[in-house]
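To start, the structure itself, in structure tokens.
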Amino acid sequence: MDNKRKYARFLLEGCLNLEADSKLFIIGIDLISDFISLVIDEAHKLGITDIKTLISSPKKQKELYLNNDLDTILKSPLIAKDMYNEMARNNYAFLMLSSPIPGYFNEVDSTILNAVSKYQMESIKEYREYQNKGLIKWNISAVPNELWAETLDHISLAKLWDLILEICLIKEDNPRHAWDLKIAKLNKRATYLNNLHIKSLTYTNSLGTNLEIGLPENYLFASAESHNLVNMPTEEVFTSPNRLKVNGIVYSSKVLIHNDNVIADFYLKFKDGRIIDYDAKKGKDILKGIIETDDGSHYLGEVALVDYNSPISNTGVLFKNTLYDENASCHLAIGASFAECIAGGLTKTTAELLALGLNYSHEHVDFFIGNKDLLVIAHLQNGEEVVIMKNGNFVEG
């Protein structure tokens, strides 16, 4: 079996843990139709016959944005995501194939892009509830396309494929075993952080970051589940902060690609959890659109810790894809929290989670803050301090 086909098979068996009676919903773009066909072929071999797809065309979307008013755009089937809700209600497993084209929509008015993004996020509210409560299987994984490769420095399409297959451990004789070992290491870290009983985390580095993030009293750090990998690849342990206890300033360490638009060299300033100031050398209008999605998008929803000395970081490649770049760097996320990141959270209502300090938003956008001299100190509930990251890497407990 060639490695691309092996990758397709692993997404179904290793990430989504699908069986013959499973139902599959594939989301992707037309530029990766060959790989989508591989996935469907492998699904059929597993005995999966109920397969639905939602394939979009970046070219047609761009033409729609450039040649129509906003009302026409929002009514177009080219941007509709309502199918997500139907598939969630009917217990389909979601396979989201991320294949970006960084900067592809630079010519489009940012107000249109922000309005479309907000409309789409609001339209899949039902799906997000199923996802956040752990009621459906889902996975997001990257698939290279020619246009994506062309935006990277000295990276051909073949080389991009080679990097992804290497990082995702597909070249290993037994990818399942290799992932089991990696997840066991991450689970050990999460357990260590949970046992510390952390009150808050402070971040400082040479970029100018000086940020304190309070955690809910019954926070839980989590990592990926070995037989249900929702993000492929993954190098993180993560939790959700107390949305009202974030103070200070944080600077981005990598560019952020949001809906194929570039946001670069930006900062966010917080007071009592809320973003009170921000700027960006590039893409400020896109950043503004993220922050102003709703009230919850003015607060943080995720705190993720990742070694600077990670396999993705060590490639030296800026992938311009959040899925990869977030796993090369400590990161935070604007917007929605994770119910699983507080004790008993999956059984609580939104109102109960808000009361405990978690955040609610239609938005969830990761951005990258880790670098080679990042220092993270945990301030414990008993008054002690523990250095948990130094020079960007974990100080193992």
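Any idea which residue in segment 170-192 is surrounded by the fewest Cβ atoms within 10 Å (Cβ to Cβ), counting only those that are under 27 Å from Val395 (Cα atoms) and in contact (Cβ under 8 Å) with a residue 60 or more places away in the chain?
Step one: filter segment 170-192 for residues under 27 Å from Val395 (Cα atoms), giving 177-192.
Cutting the leftovers down to in contact (Cβ under 8 Å) with a residue 60 or more places away in the chain gives us 179, 189, 192.
Working: Trp179: 23, Arg189: 19, Tyr192: 16.
Only one residue tops the list, namely Tyr192.
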Notebook entry, point to check: Inside segment 292-317, can you point out the residues that are among the acidic types (Asp, Glu) and either crowded, with 23+ Cβ neighbours inside 10 Å or assigned to a helix (DSSP H, G or I) (or both)?
Noted result: Asp295, Glu302
Next item on the list: Being under 26 Å from Gly273 (Cβ atoms), touching an Asp or Glu at 6+ places or on another chain (Cβ under 7 Å), not hydroxyl-bearing (Ser, Thr, Tyr) and not in a helix (DSSP H, G or I) narrows it down to one of Ile388, Ile377, so name that one.
Entry: Ile377
Notebook entry, point to check: Hey, among the residues in segment 250-262 that are at pLDDT 95 or above and assigned to a strand (DSSP E or B), which one's surrounded by the most Cβ atoms within 10 Å (Cβ to Cβ)?
Noted result: Val250
Next item on the list: Confirm whether Leu97 is within 19 Å of Asn259 (Cα to Cα) and out of contact with any Asp or Glu (no Cβ under 9 Å at 6 or more places or on another chain).
Entry: yes
Note to self: Any residue at all in segment 144-164 that's crowded, with 19+ Cβ neighbours inside 10 Å, within 21 Å of Phe105 (Cβ to Cβ) and touching a strand residue (DSSP E or B) at 6+ places or on another chain (Cβ under 6 Å)?
What the structure shows: no
Check: Within the group Glu217, Glu225, which residue is more than 19 Å from the chain's Cα centre (by Cα) and modelled with pLDDT under 95?
Finding: Glu217
Next item on the list: Would you mind listing the strands (runs of 3 or more DSSP E) fully within segment 15-104 where at least 2 residues are buried (at least 20 other Cβ atoms within 10 Å of the Cβ)?
Entry: 23-29, 93-98
Next item on the list: With the checklist (1) touching a residue at least 60 places away in the same chain (Cβ under 8 Å); (2) touching a strand residue (DSSP E or B) at 6+ places or on another chain (Cβ under 7 Å); (3) of a type outside the set (D, E, K, R) in hand, flag the one item Asn210 doesn't pass.
Entry: (1)
Next item on the list: Being basic (Lys, Arg), part of a strand (DSSP E or B) and surrounded by 15 or more Cβ atoms within 10 Å (Cβ to Cβ) narrows it down to one of Lys320, Lys281, Lys269, so name that one.
Entry: Lys269
Checklist line | Test for Tyr299: is it assigned by TED's automatic domain parsing to the domain that holds Leu374, within 15 Å of Phe368 (Cα to Cα), within 20 Å of the chain's Cα centre (by Cα) and not basic (Lys, Arg) | finding: no
Note to self: Test of understanding: among Ala343, Ala351, which residue is closer than 16 Å to Thr239 by Cβ and over 14 Å from the mean Cα position of the chain (by Cα)?
What the structure shows: Ala343
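To keep it simple, each residue is scored yes or no on (1) in contact with a Ser or Thr (Cβ under 9 Å, 6 or more places away or on another chain); (2) closer than 27 Å to Val317 by Cβ; (3) part of a strand (DSSP E or B); (4) in the same structural domain as Leu12 (by TED's automatic domain parsing).
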{"position": "Leu113", "(1), (2), (3), (4)": "no, yes, no, yes"}
{"position": "Tyr119", "(1), (2), (3), (4)": "no, no, no, yes"}
{"position": "Glu129", "(1), (2), (3), (4)": "yes, no, no, yes"}
{"position": "Leu152", "(1), (2), (3), (4)": "no, yes, no, yes"}
{"position": "Leu163", "(1), (2), (3), (4)": "yes, yes, no, yes"}
{"position": "Asp173", "(1), (2), (3), (4)": "no, yes, no, no"}
{"position": "His177", "(1), (2), (3), (4)": "no, yes, no, no"}
Notebook entry, point to check: Out of all the residues in segment 192-227, which are in a helix (DSSP H, G or I) and closer than 22 Å to Leu374 by Cα?
Noted result: Tyr192, Leu193, Asn194, Leu196
Note to self: If I filter segment 285-293 for residues that are among the polar types (S, T, N, Q) and either touching a Lys or Arg at 6+ places or on another chain (Cβ under 6 Å) or under 23 Å from Glu122 (Cα atoms) (or both), do I get at least one hit?
What the structure shows: yes
Next item on the list: Kindly establish whether Asp295 is touching a residue at least 60 places away in the same chain (Cβ under 8 Å), more than 30 Å from Pro58 (Cβ to Cβ), acidic (Asp, Glu) and out of contact with any Asp or Glu (no Cβ under 9 Å at 6 or more places or on another chain).
Entry: yes
Note to self: I'd like the full set of residues that are in contact with a Gly (Cβ under 6 Å, 6 or more places away or on another chain) and not acidic (Asp, Glu), limited to segment 354-364.
What the structure shows: Asn359, Tyr360, Ser361, His364
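The values are calculated or read from the model by the stated rules, or taken from the named source; none is laboratory data. Just so you know, these numbers come straight off a predicted model, no measurement behind them. Using ideal geometry, Cβ is built from the backbone for each residue, glycine included, and neighbour counts are taken over all protein chains shown.
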